[in-house]
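S.K.: Structure provided below as structure tokens; questions to follow.
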Amino acid sequence: MTDLPHSPEQPVAAAKPSRWRNFWRSDIVWSYRRSPVTIVASIVATLLILMAVFAPWIAPYNPFNPATLNLMDGFTPPGGASYSGNNYLLGTDNQGRDVFSTIMYGSRVSLFVGVLATLFAMVVGVGLGLVAGYVGGVFDAIIMRVADVQLSFPAILIALLIFGVARGLIPPNQQEGAAVWVLILAIGLANWAQFARTVRGATMVERQKDYVAAARILGVNPLLILLRHVLPNVVGPVLVIGTIGLALAIIEEATLSYLGVGVPPTQPSLGTLIRIGQQFLFSGEWWILLFPAITLVLLALSVNLLGDWLRDALNPKLR
Amino acid sequence: MLAFIARRLAQSVVVMLVVAFIAFLVFRYVGDPVSSMLGQDSTMADHEALRERLGLNEPFYVQFYHFVTNALQGQFGISYRLQQPVSQLIMERLPATIELAFASSIIALVLGVGLGIYTALRQRTFGTGVIMTLSLIGVSLPTFLIGIGLIYIFAVELKWLPSFGRGQVVDLGWWRTGLLTESGLRSLILPAITLSLFQLTLIMRLVRAEMLEVLRTDYIRFAKARGLSQRAINFGHALRNTMVPVITITGLQLGSVIAFAIITETVFQWPGVGSLFVNSVAVVDVPVMAAYLVFVALVFVVINLIVDILYFIVDPRLRDGAKSGR
Amino acid sequence: MTEPVLSIKNLVVEFPFHDEVFTAVNGVSFDIMPGEVVGVVGESGAGKSMTGSAVIGLIEPPGHIASGEIRLKGERIDNLPEEQKAKLRGKRIGMVFQDPLTSLNPLYTVGRQLTETIRAHLPLNEAQARQKAIDLLVEAGIPKAAERIDSYPHQFSGGMRQRVVIALAIAAGPELIIADEPTSALDVSVQAQIIKVLKKLCSNHGAAVMLITHDMGVIAQTADRMVVMHHGKVVETGTVGDIIRRPREPYTVKLIESIPTIVRQEGAVLPSAAANDDKAYVQVKSLVRDFEIGGGSFTKLLPGKTELFRAVNEVSFTINKGETFGLVGESGSGKSTCAKMIVGLVRPTSGQILVDGHDIWAGGKGHQERRKRVQMIFQDPYASLNPRWRVRDIIAEPMRTLGIARNRTEVEHRVAALLTKVRLDPGVMRKFPHEFSGGQRQRIAIARALSSQPEFIVCDEPTSALDVSVQAQVLDLMRALQEEFGLTYLLISHNLAVVRQMSNAVGVLHNGVLVEKGPTDQIFDNPQADYTRMLLDAVPDISKVA
């Protein structure tokens, strides 16, 4: 027994008003309040997400409606006067599309793919990790060996392979519509292993604990034990990996789209926009590349910062 | 020790067989190899003849057996896109990728381990804060953006370094190296930095986390209580114990550098196997994809073996053979 | 009058925690004379370990000494700069930690760790340091020290490693050794030897000892004087005999009263009459459990012999209805495996367990009967309650699962009744486990066990994670509930004193074999097996105060 400040016996009586106080003083809120970087990151992330979600309603232009496009407005620099007299905050690209609006729509695609791919990876990884950790034995050994091997390949390679295979299996006339879903599948399958490994480790720890033994003595169905006892106790690390995984998925999507194997140009994500912008970087139209790039980095960085904070807050001894 | 290595070797063979099987499935069932190879204007008879010649009419396991035996001899068929033997394509481009991966591994390893130790020992200092923040920005910056940024600054604006290609190369037998000419070395700088940054941040964060973990253990506390010098504790005890887990993960990270080079090679138009692979994926050039997969798996397996042997050397608990691995 | 080796005056150690400051040590003062063994005793949270850390200058930040003085041979050391504090450590103050398994660096041989310590403090060359290291190991009772010096820590047993740790602490000839729970992680039989080694080495080298422990028995047998601490303050200081026989302060009186002893006390349950084995409520017959050792999951798929380890070997005993059977053993004796087989967590390799006449491993029917009758109380109250569940749901789970009560109001009603039974306010049912202390959690765990209305409860070390005063309350509660509901207990414990005070009959388990069983008084007062006798001799007990 070590004498740490946590050990003094807490008085049992707790009146209602203190519940809010307890929440406000809890470790996680405490570390949030104490970290200006985290506060800024959460504000930035929220703004970017809102911007993306509500793009169709709040974007100044619809860059994908050919009727409103004015080719003569192409290459307008940020804030500069355009041929048609329209005002473009962040300038326009070669086709006269408003860069600010393309970014909003692009973030929408990036976030859509990133969130769904992460959720997909999470469901697969958490499910397999829970069962592997609880059941153990051969099932566990196989799942974990597969995860080990896969983790040693960069996710981007796995995603490229899955993408390539899917390309080969889907008839060409359906490829464009399926591209986003293929991308989600590819990134999701590339990222499940991290969840599985962490959840499996946490499950093995929880399985040894006596509250699980107490349920087993009663003959509670193993599936119920996993879902009602073990799962709530492994949520912490899953949240951390989920957040960092989201940032990774967004970057992976951007990378795939940049490599030209991601979403089709008719539905550009931030990565596609950067790919397009790169063509004009060396001829001086820097804004076509720079603003999507900044948005991508801000998005990934703010989500990463939140994940980093979450990991420290849930695991205070690691500080 | 020999038994241990033998067991690891056996496991490696299993891994390679599984990867070969996946590669085979991709090779055999993705797209139609026959129509890919013959093109539009061919007759049914041509198709049938080619099917027979490629052995596509044979039973599944015979085909897999042929695939494995061919792979062992380095034969992966003909690229649909470039109409050249895949093995030849890969061998031509391999030196470029290996030189790039090697240079960036050294950068990542030296700086990553060094900075990791520094930030773990100098906790709560300004320098550590700056490095940790930069490292977070580092993992949030996609590799291709780093590449573009470096090109823009050092090639376009400052015009110090070339923006693409390998520069002048020298043939040493079949190995075409860029390390012996000035332009080759100058061409290597930007891609190597780009490729190393991501691994560098990962290795640094890992070393730091593990070292902090070790510094909290009882035996470090006891070492302090025994009155050992700070230096002896940090570098004699903590560092060595940190290395045990770090070796594994770092080894695997460096293994993935080769595959990670895909992006860097594309950005810098570096003529390596990675850019070959990306171009193949875009047009579903299946033989190249399959061969690349096997190649990366081979790198992984070899590095894994080296890691296991290192592990053995560092950790006496394994040497007793009491435990069989991780 | 001689000068004290260590003199602590009004020491205050603070930990800033969020907005508040937690005072771990609050105005502690005491002296240690040369060559003296002073025990610092207290329950968890008393601040005893923190006092030791303060003396050797190893308080983990953000903790710090807020005020007060620490003097070593009259010279103030608490305000020295870090480099000078570091020079004192090992050279003038040595330290022994609790867990010998984690105190040594696993990657270096014990010889290398010894010589580096010796050479850090004494002007010796490598060969001389090595010779001194061997001498120290011999002195600490390591057999074949000259050969074993080049072994790695994992090649030594726990007790042997603690000997190495003691040798390391004494290596540079310090004037004071701080031993922080030096035997708490060890088995009773090893504990006694380690205490002897510690005392011998310290007196050979003329070091005074500050012995920090929660175990009054260890202090009774080892120390000259003792300091009783509570909530960061010194409650009472005096010679060991005085404090144990004539405690003055109310806290000390209560503390000493709550310590069970292996001598028969008033209020202990009566030994059982010789049981008629065939009619006993619980009958354990020739129980055997083997475990496979070594090999990963993949190697198990391969044909071939797997090595077997017999954890439980032909164990048989019976328990009469309404009585308590104490199962005693050290770590690795197989007592927990026995418990797991009886509650249905681990399948026996062979043998039979009958509860109320039902073979509990005989298929579905047996499981049904077992679930109705058998429950378990676990050792660690921090791990036995699901931290994400409210107390109400934790206690209600057994009745819901077994269909005793399903309707919400009825469940709440029953949960409230159970909470009252374990002397907790029913209002706490909406709280989560982390809002309770260890003792309160153990009460909740008992309420959960009672929730399925069992007749037989297996208690696996129910109080060994608790402080003595809390232990006494939980044991009282268990006794009262036994009387009220006619419960039958299997009490598994390494603590002989607890078993003596609680059990009607006792079995002694050693390496999986039940070496002796019988009525409690017979086992304790007239042990037959050598192992039982050795255990009883080794137990540090306050009745053995010098």
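Read-outs: derived from the displayed coordinates by stated rules, not from any lab. All of these numbers come straight from a predicted model, not from anything done at the bench. All Cβ positions, even for glycine, are placed from backbone atoms using ideal geometry, and neighbour counts span all protein chains on display.
S.K.: What is the ratio of the Cα radius of gyration of the range B:86-324 to 2.2 N^0.38 Å, with N the residue count, to two decimals?
M.R.: 1.16
S.K.: In what sequence, highest mean first, do B:68-77, A:103-112 appear when ranked by Cβ atoms within 10 angstrom? Mind dumping the intermediate values first?
M.R.: Numbers: B:68-77: 15.2, A:103-112: 24.6.
Peptide ranking by packing, descending: A:103-112, B:68-77.
S.K.: Can you tell me the dipole magnitude for chain C around its Cα centre, using point charges on the Cβ only (Lys, Arg +1; Asp, Glu -1), in Debye to the nearest 20? Write down the numbers at each step before the final one.
M.R.: Working: 62 positive and 62 negative charges, 199 e Å.
The dipole of chain C has a size of about 960 debye.
S.K.: What dipole magnitude, in Debye to the nearest 20, does the protein assembly as shown give about its Cα centre under +1 on Lys/Arg Cβ and -1 on Asp/Glu Cβ?
M.R.: The dipole magnitude comes to about 900 debye.
S.K.: Looking at the square roots a ≥ b ≥ c of the eigenvalues of the Cα gyration tensor of chain C, which shape do they give, rounded for a/c under 1.5, prolate if a/b is larger than b/c, or oblate?
M.R.: prolate
S.K.: Also, quick follow-up: May I ask which residue of A:295, A:177, A:230 lies farthest towards the positive end of the charge dipole of the range A:166-319, with charges of +1 (Lys, Arg) and -1 (Asp, Glu) on Cβ and the Cα centre as origin?
M.R.: Ranked along the dipole, the leading option is A:230.
S.K.: Turning to a different aspect of this structure: Can you give the mean number of other chain Cβ atoms that lie within 10 Å of the Cβ atoms in peptide A:42-54?
M.R.: 0
S.K.: Would you mind calculating the relative contact order of the range A:111-319 from Cα pairs under 8 angstrom and at least 6 residues apart, reporting the percent as a whole number?
M.R.: On the way: 257 pairs, mean separation 52.8, N = 209.
It comes to 25 percent, rounded to a whole number.
S.K.: Projecting each Cα onto the charge dipole of the range C:6-257 (Lys/Arg +1, Asp/Glu -1 at the beta carbon, about the Cα centre), which of C:81, C:166, C:252 comes out farthest on the positive side?
M.R.: Highest projection toward the positive end goes to C:166.
S.K.: Something else now. Divide, for the range A:111-319, the radius of gyration over alpha carbons by 2.2 N^0.38 Å, where N is the residue count.
M.R.: It is 1.19.
S.K.: In addition: To the nearest 20 debye, what is the magnitude of the charge dipole of the range B:86-324 about its Cα centre, counting +1 on the Cβ of each Lys and Arg and -1 on the Cβ of each Asp and Glu?
M.R.: 1080
S.K.: Per residue of C:417-429, what is the mean number of Cβ atoms on other protein chains within 10 angstrom of that residue's Cβ?
M.R.: 1
S.K.: Something else about it: Put +1 on the Cβ of each Lys and Arg and -1 on the Cβ of each Asp and Glu in chain B; which of B:309, B:257, B:230 then has its Cα farthest toward the positive end of the dipole?
M.R.: B:230
S.K.: Report, as a whole number in µm² per second, the diffusion coefficient that Stokes-Einstein gives for the range C:6-257 at 25 °C and 0.890 mPa s using the Kirkwood radius over alpha carbon pairs.
M.R.: Translational diffusion coefficient: 131 µm²/s.
S.K.: Here is a further query. Below 8 Å, C-alpha to C-alpha, sequence gap of six or more: please give me the relative contact order for chain C in percent.
M.R.: 16
S.K.: How fast does the range C:374-453 diffuse by Stokes-Einstein, in µm²/s, taking the Kirkwood radius from C-alpha pairs at 25 °C and 0.890 mPa s?
M.R.: 201
S.K.: While we're here: Given B:224/C:200; C:144/C:335; C:144/C:200; C:233/C:421; C:233/C:431; C:254/C:421, which pairs have Cα atoms separated by over 26 Å?
M.R.: C:144/C:335; C:233/C:421; C:233/C:431
S.K.: Now, a different point. For the protein assembly as shown, state the semi-axes of the equivalent ellipsoid (square roots of 5 times the eigenvalues of the alpha-carbon gyration tensor), sorted largest first and rounded to whole angstrom. All intermediate terms of the calculation are to be shown ahead of the outcome.
M.R.: Details: eigenvalues 749, 263, 207 Å².
Semi-axes from the Cα gyration tensor: 61, 36, 32 Å.
S.K.: Also: I'd like the orientation of helix B:2-29 relative to chain B: the angle between its Cα long axis and the longest Cα principal axis, in ° from 0 to 90, rounded to 10.
M.R.: Roughly 40 degrees, rounded to the nearest 10.
S.K.: Where does chain C land at 222 nm, in deg cm²/dmol rounded to the nearest 500, when only DSSP H runs of n ≥ 4 count, each adding -39500 (n - 2.57), divided by all residues? Walk me through the numbers before you get to the answer.
M.R.: Numbers: 21 runs with 206 residues, N = 546.
Mean residue ellipticity, 222 nm, calculated: -11000 deg cm²/dmol.
S.K.: Across all directions of projection, what mean area in square nanometres is found for the Cα convex hull of the range B:39-167?
M.R.: Details: hull surface 58.4 nm².
So the mean shadow area of the Cα hull is 14.6 nm².
S.K.: Only loop residues by DSSP count here, and only those with at most 14 other Cβ atoms within 10 Å; note down the chymotrypsin sites (Phe, Trp or Tyr not before Pro) in the range B:142-187 that meet that.
M.R.: Taking the range B:142-187 and a limit of 14 other Cβ atoms within 10 Å, the loop chymotrypsin sites (Phe, Trp or Tyr not before Pro) found are B:160, B:174.
S.K.: The range B:176-271: which GluC sites (Glu not before Pro) are DSSP loop and have at most 15 other beta-carbon atoms within 10 angstrom?
M.R.: Answer by residue number: there is no such site.
S.K.: Starting from the Cα of residue C:204, step 7 Å along the direction of its Cβ; do the same at residue B:44; then give the gap between the two resulting points in nm.
M.R.: In this crude spin-label approximation the distance works out to 9.8 nm.
S.K.: Put a dot 7 Å past each Cα toward the Cβ at residue C:309 and residue B:134; how far apart are the dots in nm?
M.R.: Distance between label points: 5.0 nm.
S.K.: For the range C:464-546, what is one quarter of the convex hull surface built on the Cα atoms, given in nm²?
M.R.: 6.5
S.K.: Sticking with this structure for a sec: How high is the relative contact order of the range C:380-446, given as a whole-number percent (alpha carbon pairs under 8 Å, six or more residues apart)? Walk me through the intermediate numbers first.
M.R.: Numbers: 65 pairs, mean separation 31.9, N = 67.
About 48 percent, as a whole number.
S.K.: What does the structure give for B:280-290 when I average, per residue, the other chain Cβ atoms found within 10 Å of the residue Cβ?
M.R.: Working: counts 2, 13, 7, 2, 7, 2, 3, 0, 1, 5, 1.
Partner Cβ neighbours, averaged per residue: 4.
S.K.: Measuring from label point to label point, each 7 Å out along Cα→Cβ, what is the residue C:404 to residue C:476 span in nm?
M.R.: Output for this residue pair reads 2.5 nm.
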